[in-house]
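Structure first, commentary second.
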Amino acid sequence: MAKKTIATNFNVDSKDETGAFVSLNYDCPYCHYDNYELILIGASNLDKIANDFETDQVCKICGKDVIIECR
Ligand SMILES: [Zn+2]
């Protein structure tokens, strides 16, 4: 099971009818490395980022799956 963590910071960088770019930081719950991710949200998921959302990522340092809560 992937561990969950809460984004330490996230920001919607750009958004239009085709999708959105969201940048976020999170501390890996396994190795505690401060990861930075830029994720693309497709148009069909744009409504999700209007509220709290979760994204699945892989830590760049330890390679483990992490679920990041953005809220
Ligand atoms: Zn890690």
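Points worth noting:
- Paramagnetic reach from Ser14 in the stretch 49-71 [backbone N under 20 Å; point 7 Å along Cα→Cβ]: 49-50
- Summing Cβ point charges (Lys, Arg +1; Asp, Glu -1) relative to the Cα centre of the stretch 3-70 gives a dipole of roughly 240 debye.
- If the convex hull is drawn through the Cα atoms of the chain, its volume per residue in Å³: 78
- Cysteines not pairable in the chain (beta carbon separation under 4.7 Å absent): Cys70
- DSSP beta bridges in the stretch 3-70 [antiparallel fraction, %, rounded to 5]: 85
Bear in mind that the values in this text are calculations on the coordinates, not laboratory data. Treat the numbers as computed from the prediction; the structure is a model and nothing was measured. Heads up, the Cβs are rebuilt from the backbone with ideal geometry, glycines too, and the neighbour counts pull from every protein chain shown.
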